[in-house]
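Inspection log for the structure reproduced underneath, given as structure tokens.
The values are calculated or read from the model by the stated rules, or taken from the named source; none is laboratory data. All of these numbers come straight from a predicted model, not from anything done at the bench. With ideal geometry, Cβ positions are generated from the backbone for all residues, glycine too; neighbour counts draw on all protein chains shown. Each accessible area value is taken on the protein alone, full model and side chains, heavy atoms only, with ligands, DNA and RNA left out. Shrake-Rupley method; radii C 1.70, N 1.55, O 1.52, S 1.80 Å.
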Amino acid sequence: MKKKLVVALISAAMVTSMLGACGSSNTSSSSAGSTATSSVSASSASEKDTTAASSSVSASSASEEVSADADQEAADKVADLIDAIYVQERNENTDEQCAAAKEAWDALTDAQKELVEGENADPDYFGRDTGDASKDDPLNGDEIGENELLVVSFGTSFNDSRAEDIGGIEKALQTAYPDWSVRRAFTAQIIINHVQARDDEKIDNMDQALERAVNNGVKNLIIQPTHLMHGAEYDELKEAVDNYKDKFESVTIAEPLLGEVGDDATVINDDKKAVAEAITAQAVESSSYDSLDAAEADGTAFVFMGHGTSHTAKISYSQMQTQMNELGYKNVFIGTVEGEPEETSCENVIEAVKAAGYKKVVLRPLMVVAGDHANNDMAGDDDDSWKSQFEASGAFDEIDTQIEGLGRIDAIEQLYVQHTQAAMDGNGVQDDAE
């Protein structure tokens, strides 16, 4: 009986133990299942987070692309508007086009302005600081009396140069001839449009200036070109005057700065001599030398850079070099941006200066105004500027630039005064109107 009881108790104990073991196993399975479920949930959440982040990045990239496209579109619009006024002919919409271009530019952000690029457009068109336009007087007032002295220049969009170089000549003429009303005209419509669009300063072109003179009741008209020579712009000036000459009692065109051209490179005259002496003296003074001889002894050469032209008047540059030689200015050289005539190209001038043994060079414009050519083609940092090319030659120890136009030199201003007086005395290029 006891033995059966013991066996029964042992069996019961074993069953309980087995049931406990089964219970433990189920608990472990449940825990593992819970852990797995949690892991899956976490994984799913992680995937959702990654997808959300990826979507956010994609949205951000898409937004940036849209923004970049909008920036470029705004910049392109301004470039198109600039290109539309970068023309040599004025039309009935020019005033509105100039205003629209400036308004569109002002609406751009700084970043958008850097994107402006067209056939002729770039950020410098409106963005470059060329001085205070308010210091300049466009000289286009009315009610001026019967005698007008119209000063005609190619023009410049550089405000400081316009006021100091062109304005210097105009003021000298007004001082010399107080009984004549001095007025201004530019022959480059591209420049007129640039100044009007950027600075809201309106300058007459030739037709506008002549029409203004007619409307003002002018009877006697003297035209003084500030052009260097009898080149293409001078010819165009004469053609414009021919269309109006019968509207005045007298019309006379004075000589340009260098006077008559002459037949070949050996021909020089008093005008070229006066110009050669004046510009060299100013260059020497600006370089702080006591004399041209002192500069030569110091191994310094002066290079005057003109524009150059394919016009037959290009021989004037060769004549200026002849004039320098005749004056004994051995360390003075004449060059041109266009390299016409051929000996005036930058590479040929470099070779000439190098062959003469000079180790220091001073570059200075042979131009009435120190504008774009002086600042960029001569003194700029681009590889093709004259300064850069002289430096790249490795032949010189020192390269300096003087950004000063001829129009601010007193002796040059007085030469224009003399040419105007000659025209008043009946010795101009074109005398009384028919």
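For the range 138-225, a Kirkwood radius taken over Cα pairs fed into Stokes-Einstein (4 °C, viscosity 1.567 mPa s) yields D = 99 µm²/s.
If the chain between Glu146 and Asp80 were fully stretched, how many nm would it gain, using 0.36 nm times the residue separation less the Cα-Cα distance?
In short, 19.4 nm is gained.
Once the other residues with Cβ under 11 Å from the Cβ of Tyr358 are scored (Lys, Arg +1; Asp, Glu -1), what is the net sum? Once all neighbours under 11 Å are counted, the net charge is 0. Accessible surface for the range 347-412, divided over its residues, is 43 Å² per residue with a 1.4 Å probe. Counting only protein heavy atoms and a probe of 1.4 Å, the accessible surface of the range 119-262 is 40% carbon and sulfur. Rg and Dmax over the alpha-carbon atoms of the range 228-383 stand at 17.0, 58 Å. Quick check: at a probe of 1.4 Å, how many percent of the accessible area of the range 328-434 sits on carbon and sulfur atoms? On the range 328-434, the fraction of accessible area on carbon and sulfur atoms equals 39 percent. In this Cβ point-charge picture (+1 for Lys and Arg, -1 for Asp and Glu), the range 102-158 has a dipole of about 160 debye about its Cα centre. Under the rule a/c < 1.5 gives rounded, and otherwise a/b versus b/c splits prolate from oblate, where does the range 190-234 land using the Cα gyration tensor? Oblate shape, in that a/c is at least 1.5 and b/c is the bigger or equal ratio. Computed extension gain for Asn93 through Glu342, at 0.36 nm per residue and net of the alpha carbon distance, reaches 85.5 nm. Between Ala68 and Ser310, residue separation times 0.36 nm minus the direct Cα-Cα distance comes to 82.7 nm. For the range 303-312, 3J(HN,Hα) computed residue by residue from phi via the Karplus equation (6.51, -1.76, 1.60; θ = phi - 60°) reads 10, 9, 9, x, 7, x, 7, 8, 4, 4 Hz, glycine and proline entered as x. Placing a pseudo-label 7 Å from each Cα along the Cα-to-Cβ vector at Gln174 and Glu351 gives an inter-label distance of 4.9 nm.
Debye sum, Cα scatterers, the range 271-341, no solvent: what log₁₀ I/I(0) at q = 0.18, 0.23, 0.27 1/Å? Relative scattering, expressed as log10 I(q)/I(0), comes to -0.68, -1.01, -1.24. Label separation (Lys202 vs Asp264): 5.2 nm, computed from points 7 Å beyond Cα along the C-beta direction.
Cross-link check: pairs Lys113/Lys202; Lys238/Lys314; Lys102/Lys245; Lys77/Lys238; Lys171/Lys360 evaluated at a Cα-Cα cut-off of 29 Å; pairs beyond the cut-off: Lys102/Lys245; Lys77/Lys238; Lys171/Lys360. Here's how it looks for Val332: its modeled amide H is under 5 Å from those of Phe302, which are all 5 or more places away or on a different chain. When peptides 183-191, 116-124 are ranked by their average number of other Cβ atoms within 10 Å per residue, the highest-first order is 183-191, 116-124.
Under conditions of 20 °C and 1.002 mPa s, the range 103-143 yields 170 µm² s⁻¹ as its translational diffusion coefficient, taking Rh as the Kirkwood radius over Cα pairs in the Stokes-Einstein equation. In terms of overall dimensions, the range 206-314 has a Cα radius of gyration and Dmax of 18.9, 59 angstrom. For the range 66-112, the share of alpha carbon pairs falling in successive 10 Å distance bins from zero is 27, 47, 21, 5 percent. Rg/Rh for the range 53-155 (Cα atoms only, Rh after Kirkwood) is 1.20.
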